[in-house]
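Working notes, beginning with the structure itself.
Here, each number is a calculation from the coordinates, and none is a lab measurement. These figures come from a predicted structure and were not determined experimentally. Cβ sites come from the backbone with ideal geometry, for glycine too, and all protein chains shown count toward neighbours.
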Amino acid sequence: MSNRWQHKVTEVPYKLFANQTEQLQQELDKHGQQGWELVSVIQSQSTHALRLFFKKPA
C-alpha cells in the first residue's frame, strides 16, 4: 500500500523565536491543529531564520 503525502515548507523569521519559544510553539501548534506533522528543521546560515518542513496524508 502506497501512502500519498502533502508537503508544506514555511519559514519562521529569527525575530519570532529569538527571545522566547512561546511564539514558535504557537506556530507549531497552529500547523499541528491543521493536521501537519513537523518532519525537519533547517536554520539559514545567513538570516538565522528557521525553515520548517511538514507533511500530512493527502
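At-a-glance table
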{"item": "Charge dipole magnitude, Cβ of K and R +1, D and E -1 - the chain, Cα centre, debye nearest 20", "result": "240"}
{"item": "Cα-derived Rg over Rh, computed across the chain with Rh taken as Kirkwood radius", "result": "1.04"}
{"item": "Footprinting exposure proxy for S40, S46 (fewest neighbouring C-beta atoms within 10 Å first)", "result": "S46, S40"}
